[in-house]
1. Where does the charge balance sit around residue 16 when Lys and Arg score +1, Asp and Glu -1, over other residues with C-beta under 11 Å from its C-beta?
2. So what are the ³J(HN,Hα) numbers for segment 28-34, from phi and the Karplus equation (6.51, -1.76, 1.60; θ = phi - 60°), rounded to whole Hz, Gly and Pro as x?
3. If only Cα atoms are counted, what is the Rg of segment 2-78, and what is its Dmax, in Å?
4. Cut-off under 16 Å on the C-alpha distance; same-chain residues fewer than 8 positions from residue 21 excluded. Which lysines are left, in chain and number order?
5. Take the Cβ-Cβ distance between residue 14 and residue 66 as r, set R0 to 41 Å, and report the resulting FRET efficiency rounded to the nearest 0.05.
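Only the coordinates and a few stated rules stand behind these numbers; no lab work does. Quick caveat, the model's predicted, so the values are computed rather than measured. Reconstructed Cβ throughout: ideal geometry from the backbone, glycine too, with neighbour counts over all protein chains shown.
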Amino acid sequence: MTAFGGVLRDRHGAWILGFNKSLGHYLVFNAKVWGVLDGLMIIQSRNYDVVVIRSNSQEVLKAIDDSSKKFFFRACQAYSTALDEYW
C-alpha cells in the first residue's frame, strides 16, 4: 500500500496547508509523483503562480525537469509554427 503527502508553504515559510492521500497498490516513485502533482493542483487552485518544488526523491525531480523541458520545447515549436503560418 502506498500513500503520499506534502506541505505547502508561502515564500516566507509560513504554513499554507498539509495534505495526504492513500493510493493503494502503486510503486513508491508513482506515489511521490502523485504527491507533487496534487500539491501543484492545490497551489494552482489558490492562484499562486510561482512554485518551488522540494522533494526527497532526486528521481522524481529529474523526471519533472525532463518533462517540463520537453513540454517547453513542444510549446516553442507550436508557437514558431503558428508564427510562420501567420506571417
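1. +2
2. Each residue of segment 28-34 in turn: 4, 4, 4, 5, 5, 5, 4 Hz.
3. Cα-based Rg and Dmax for segment 2-78 come out at 13.7, 39 Å.
4. Cα-Cα hits under 16 Å: 32.
5. So the FRET efficiency works out to roughly 0.85.
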